[in-house]
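Structure record follows, encoded as C-alpha cells.
The values are calculated or read from the model by the stated rules, or taken from the named source; none is laboratory data. Since the model is a prediction, treat every value here as computed from it, not as a measurement. Heads up, the Cβs are rebuilt from the backbone with ideal geometry, glycines too, and the neighbour counts pull from every protein chain shown.
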C-alpha cells in the first residue's frame, strides 16, 4: 500500500528538516566563526557588533600615503572622507537643565565646538548630583545658530580629522572608532603565513606531523599483529591474556604519568620527540578493533591460503589486511586524532624552552600568549590545528562508518 502524502505529512517533514538544519547550524557555527576570524584583520575582530565575514577598510591615497575611507553625511549627501593623523580638541556643551551631573558624558549635548573657537568666561556653575555632592562646571560663550549663548562645558575630547581627498576644504571631525568606514569583504590569507613563521610554528607543524605519522603507523602495525594473534592463532591462555590486555584501557592516564616519566628519564628520552612516539605505539583499543573485524573473515579463506603453502605472515598481509580497509581506516582516524591533539604528555616530557621539539599543541599555548591582543592570529593557529584532522576524517568517513558498523558483529 502506497502511503498518501497529505499536507500534514509534508508539514511534519518540513518541521523535522528545519529543526535538523538549525541544530546542524548550531553545531557548525563555532567552526565557521573560528575559520572566518582567522581571515580577519586585528581591527575587524574588535568591531561591534561582530560580523561573521572578514571585512577590510577601503583606502585612498592622501598626501602620498594610503588612508582609510569613511562615509559621512554632509549637506544631505554621503561623501567619502579619509582619516588623517591630525586631532583637534573639542568641547561638548549643553544647558544647565540638560546636564547629567552624575554622568556628564551621558548629557544631552546641544553643541560641540573646537575649544579654540569658544570663549572661556572664567566662570563656574555649581550643580548637585544624585548623592548630594557638588560639582562645578565651566561656563563658555558659544555661537548656536548664529546667536551667542552661555553654555556649560560637560567634557572635552580630541576628535580625529577627516578630509575629502578630492576637495581638502571639506573637513569633518569625529571619533574614528565609531565612524562608518567604507569596507569590502577581504580574506587576509597572509595571517596564515604570519602565524606559521611566528614563534617557530612551522617547526612545530613538522614535529607534529612526524609524531602523528609515527604513532599512527606504530599503532596500526601492533594492532594488526595483535588482532590477528588473538583472533586466529591458538595458544594457551590466549583469551585470558586478551582480557587482561583489554582491561588496561580502564587504567587512568594520570596513574601512568609518573612511572612513564621516570622511564623516559632512565632511557634518556626526556625532551626528545622519541618520547612522544614509542610509548604510544601500543593500543589495547586498536587491538580489540582489529580482532573483532578479523573474526568476521571466514576461516575457509585462511585455510585455503595455508593449504597452498602461504605462511601466516603472508596470509595476514595479502589477505586479511586488504579485506580490512574499513577497520584500518577507523583505527587510522582514532590514532591520528589522538596523536595530533595530544597535549598533556608533550607538556610534561618536553621542556617549555625547547621550542625545536615543540608540537603544535604546545606552540598554540605560546602563540596565545604572544598574540593575546590579536585574536585573529590565535584563531588562525587554531584553524591550522583543526583543519588537517577534518580533512583526514572527510576522506576516510566512508570506511570509518563501515568499520564501526562491522567491527563488533561477533565476539
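Checking every residue in segment 281-303 against the condition of being closer than 29 Å to residue 342 by Cα, exposed (fewer than 12 other Cβ atoms within 10 Å of the Cβ) and touching a helix residue (DSSP H, G or I) at 6+ places or on another chain (Cβ under 8 Å) gives zero matches.
In this structure, does residue 73 turn out to be closer than 17 Å to residue 159 by Cβ, in the same structural domain as residue 176 (by TED's automatic domain parsing) and without any contact (Cβ under 8 Å) to a residue 40 or more places away in the chain? Spelling it out, residue 73 is indeed closer than 17 Å to residue 159 by Cβ, in the same structural domain as residue 176 (by TED's automatic domain parsing) and without any contact (Cβ under 8 Å) to a residue 40 or more places away in the chain.
Looking at 203, 232, just one residue is farther than 30 Å from residue 366 by Cα and either outside the structural domain of residue 67 (by TED's automatic domain parsing) or under 22 Å from the mean Cα position of the chain (by Cα) (or both), and that residue is 232. With respect to the conditions (1) within 30 Å of residue 380 (Cα to Cα); (2) modelled with pLDDT of 90 or more; (3) more than 30 Å from the chain's Cα centre (by Cα), residue 53 lacks only one, and its number is (3). Under the condition of being over 30 Å from residue 124 (Cα atoms) and without any contact (Cβ under 8 Å) to a residue 24 or more places away in the chain, the residues counted in segment 172-193 number 4.
Applying the set (1) closer than 30 Å to residue 60 by Cβ; (2) surrounded by fewer than 12 Cβ atoms within 10 Å (Cβ to Cβ) to residue 160 leaves exactly one unmet item: (2).
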